[in-house]
Amino acid sequence: MGAIYRREMHAFFISGVAYVFLTVFFLLSGIFFYNGVITSGTSDTSPMFGSMFMIVLFLIPILTMKLLSEEKKNRTDQGLLTAPVGLWSIVLGKYFAALTLFIIAESIVFVYAIILSYLGSVVWTTLLGNYFAMLFLGAAFIAVGLFISSLTENQMAAAIASMLALFMLYLIDNIAQTVSNEYISKAMLSLSFYTKFIEFTRGVFSLSSVLFFLSTAFLFNFLTVRVLDKRRWG
């Protein structure tokens, strides 16, 4: 897994994906920080994190679109699949490389915290709660994007499909409200990524929400392994 991880981290920076991802993430999060925190004259970073949900939704597909689709397009996937390395090592190596880059991007919030410390007090418990909420959300979304990347050899198709999939997950709350059946509506709401994320931004720590995000990450990584397994023997 270590070799795959290092290979993917190198590829992120060589291809320029890392620079585009980090630049856009820093730019947009900086705008939300200024508008949601600085101009409001508050040290509460929750509004910024609430807005950053949309950044994650649209930027993670850019991060994951080439992870497996490029291998398939360049016909290097067969060499990778027949190499003396387990499928889980391949998937997790790529997954943790993307997650590492996401953590680097997200850690800009600590720079914002330093800025706030000069302007007033920083509520570290709230900031750290929001930070880890976004980390869990990113972990789940990256797994979804990686799975979709394994289904196609077209990077743009992978990116667009991932954006649509994540956007549909975002809309679950709105769709659930239109469902007349109470049980179905509650079942849909239980799958709401946005609701679980917003709970953290409001200072509510929910172990069930953490397990939800981690379970989603595991499920989609497992599905990706199954796709590669089918391709190996197909």
Mind telling me which of SER43, SER117, SER29 comes out most flexible in a GNM of the chain, alpha-carbon contacts under 10 Å?
SER117
If R₀ is 30 angstrom, what is the calculated FRET efficiency for the pair LEU27 and ASN74, using the beta carbon separation as r and rounding to 0.05?
0.45
Based only on the alpha carbon positions, what is the Kirkwood hydrodynamic radius of the chain, in angstrom?
18.6 Å
Would you calculate the convex hull of the Cα atoms in region 108-234 and tell me its volume per residue in Å³?
147 Å³
Along each principal axis of its Cα atoms, how long is region 9-128 end to end? Whole angstroms, biggest number first, please.
57, 23, 21
SER89 to PHE110: FRET efficiency via 1/(1 + (r/R0)^6), r the Cβ-Cβ distance, R0 45 Å, to the nearest 0.05?
0.90
Under the definition of Cα pairs under 8 Å and six or more residues apart, what whole-number percent is the relative contact order of region 2-233?
28 percent
Separation of region 135-166 and region 1-30 by C-alpha centroid, Å?
15 Å
Spin-label zone in region 45-63 - amide nitrogen under 17 Å from a point set 7 Å from the Cα of LEU119 along the C-beta vector
45-52
Using only Cα atoms, what Kirkwood radius does region 58-179 have, in angstroms?
16.3 Å
Fewest to most Cβ atoms within 10 Å: PHE213, PHE53 sort as PHE53, PHE213
At 222 nm, what value in deg cm²/dmol follows for the chain if DSSP H runs of at least 4 each add -39500 (n - 2.57) and the sum is divided by all its residues, to the nearest 500?
-25500 deg cm²/dmol
Excluding residues on the same chain fewer than 8 positions from LYS72, give the lysines whose Cα lies under 26 Å from its Cα.
LYS94, LYS230
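Throughout, read-outs are computed from the coordinates displayed, never taken from laboratory work. A quick note: this is a predicted structure, and the numbers were derived from the prediction, not measured. Methodologically, a virtual Cβ is constructed for each residue, glycine included, from the backbone with ideal geometry; neighbour enumeration extends over all protein chains shown.
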